[in-house]
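Each remark here refers to the structure printed beneath this line.
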Amino acid sequence: MIHHSSLFSQLLTVFSRYEFSKLVRNRGADYCIKGFSNWSHFVSMLFCHLAQAKSLREICNGLKCCLGKLVHLGIDKAPSKSTLCYANEHRPWELYQDLFYKTLEKIRVYAPQRKRKFRFKNRLLSLDASIIELSLKMFPWADYNRTKGAVKLHMLLDHDGYLPIFALVTKGRYHEVNVAHGLNKNNSQPLLLPAQSIVVIDRGYTDYDLYYQWTQRNIWFVTRLRSNAKYQVVEEKHPDSLPANILADQVILFTGKKSKERCPAPMRRVVMLNGETGEQIEFLTNHFKFGPTTIASIYKDRWEIEIFFKALKQNLKIKTFIGTNFNAIQIQIWTALIAMLLIKFLQFKSSINWSLSNLVALLRWNLMSYRNLWLWLDAPFDTPPDNSMFEQTLLPFPDLDSIMEQNMKKAKKNF
């Protein structure tokens, strides 16, 4: 006797069907749909990532193989290739963006607090973008340069739990600085960059207007200083008072024609010597109280967002796409982000230290297995108990032979 549904079915219980229906109504995604519900569409795309299906055919055939198990997923039958393709091209991708933020609200409750790498209690965030290359022959609208196309995934990563709290998918030519400016003007969601938070960015976000805006709002940033930046040193700490690997700790003012006008506020320049390569690394920040080694360590922790991008591309279906228009790509990337939240949630709930790649692989192999998800998560290699054989209690039926004898005696007397 089976006491549990499939692991995939138990994963889907994270999503409230009632809240999902509200999101569908808010976006008008149920307009003129025929036989293929938005929930079935979402389950199909989530199956694409968790099962690592490579094409529309693999998604549809993979779901068809599950037959009786589809009922536990909340869908009646597997979609056809043409139906799934049409849904990806025409249904609003904003529905999955809303579902991502709704799921994030639930997952963040279980996220462990940031390990005490730093003594400060400020909120630490990393802002970066990753390019996803596309073929210009198949995606002519995604022109990035003469030889290839691309879309760009922009992300703001919270270092408490290393979860993405903001994401945006744009065409490859869209510059990262525009996204950073947009975070200052985003009023549709809670303030993503509150005062006293620390934002770590790379040199791709060099914009002196942005630096000055963040300084005026008491938002601290740490980045790399451009090699061609023009500045004058206003104040400098004596080299004898600095740690061994810190070469300089200075207060500077920009002297370039444009940089002076756009960012008149004083900045801090910290120069660190990389002991392994001998390279001098110049950091720029508007925070003057942290020690120079803390500034360098904060920038080093920015590597976590690069790890997140790498894990997303390696473990989920995000480097190749099953649709060719921008709407289909948006849906596939947003469902990949939702799948990543699910995997992070399993990591938070598990008592063993899962690596993300191992968890994705074992989950893919056991996706339709009838196991208790939480017991499997803590002991995936244990043999499940065999509950198929049970002793049937016999009902108290009388002896048929004795009944036959009594009936024969009665028949003889009557005869």
Problem - Electrostatic dipole magnitude of the stretch 306-384 [Cβ: Lys, Arg +1; Asp, Glu -1; Cα centre; debye, to 20] - result: 200 debye
Exercise for the section: Return the sequence-ordered ³J(HN,Hα) values of the stretch 277-283 in whole Hz as given by the Karplus equation 6.51 cos²θ - 1.76 cosθ + 1.60 applied to θ = phi - 60°, using x for Gly and Pro. Expected result: 9, x, 7, 8, 10, 9, 9
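What pairs in LYS102/LYS344; LYS137/LYS171; LYS148/LYS317; LYS171/LYS230; LYS69/LYS349 have C-alpha atoms more than 23 Å from each other?
In this structure, LYS171/LYS230; LYS69/LYS349 lie more than 23 Å apart at Cα.
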Problem - Which of TYR31, TYR144 has the fewest Cβ neighbours within 10 Å, and the rest in rising order - result: TYR31, TYR144
Problem - Within the chain: Cβ-based charge dipole about Cα centre, in debye rounded to nearest 20 (Lys, Arg +1; Asp, Glu -1) - result: 800 debye
Fill in the blank from the handout: Computed D for the stretch 183-312, Stokes-Einstein, Kirkwood radius over alpha-carbon pairs, 10 °C, 1.306 mPa s, to the nearest µm² per second, is 101 µm²/s
Problem - For TYR231, residues with placed amide H under 5 Å, excluding near neighbours - result: THR255
Handout entry: Qualifying lysines (Cα of each under 16 Å from Cα of LYS300; at least 8 residues distant if same chain)
Key = LYS115, LYS117
Exercise for the section: Quick one: dipole size for the stretch 1-143, taken about the Cα centre, charges +1 on Lys/Arg Cβ and -1 on Asp/Glu Cβ, in debye to the nearest 20. Expected result: 760 debye
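With a ≥ b ≥ c the root eigenvalues of the C-alpha gyration tensor of the stretch 1-86, is it rounded (a/c under 1.5), prolate (a/b larger than b/c) or oblate?
It comes out oblate by the Cα gyration axes.
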Exercise for the section: Sort 312-319, 226-233 for me by packing, meaning the mean count of neighbouring Cβ atoms within 10 Å per residue, highest on top. Expected result: 312-319, 226-233
Practice task
Could you run the Karplus curve 6.51 cos²θ - 1.76 cosθ + 1.60 with θ = phi - 60° over the stretch 359-366 and give me ³J(HN,Hα) per residue in whole Hz, x for Gly and Pro?
Solution key: 5, 5, 5, 5, 5, 5, 6, 10
Exercise for the section: Using Cα positions and a limit of under 22 Å, work out the lysines in reach of LYS34, with same-chain residues fewer than 8 apart set aside. Expected result: LYS22, LYS64, LYS77, LYS81
Practice task
Take the Cα coordinates of the chain, assign each an equal point scatterer, and use the Debye formula without solvent to give log10 I(q)/I(0) at q = 0.06 Å⁻¹.
Solution key: -0.35
Handout entry: In sequence order, calculated HN-Hα J values of the stretch 49-56 (Karplus, 6.51, -1.76, 1.60; Hz; x Gly/Pro)
Key = 7, 6, 8, 6, 6, 9, 7, 4
Problem - Shape call, the stretch 18-177: gyration tensor on alpha carbons, a/c limit 1.5 - result: oblate
Practice task
Determine, for SER5, SER355, the number of other Cβ atoms within 10 Å of each Cβ, and report the residues in order from fewest to most.
Solution key: SER355, SER5
Fill in the blank from the handout: By the Cα gyration tensor axes a ≥ b ≥ c (a/c under 1.5 gives rounded; else a/b larger than b/c gives prolate, otherwise oblate), the shape of the stretch 217-288 is prolate
Practice task
Kindly put THR320, THR206 in sequence by how many other C-beta atoms sit within 10 Å of each C-beta, fewest to most.
Solution key: THR320, THR206
Fill in the blank from the handout: Expressed in angstrom and rounded, the centroid-to-centroid distance over alpha carbons for the stretch 347-362 and the stretch 108-164 is 21 Å
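Read-outs: derived from the displayed coordinates by stated rules, not from any lab. If you're wondering where the values come from, they're calculated on a predicted model, not measured in any experiment. With ideal geometry, Cβ positions are generated from the backbone for all residues, glycine too; neighbour counts draw on all protein chains shown.
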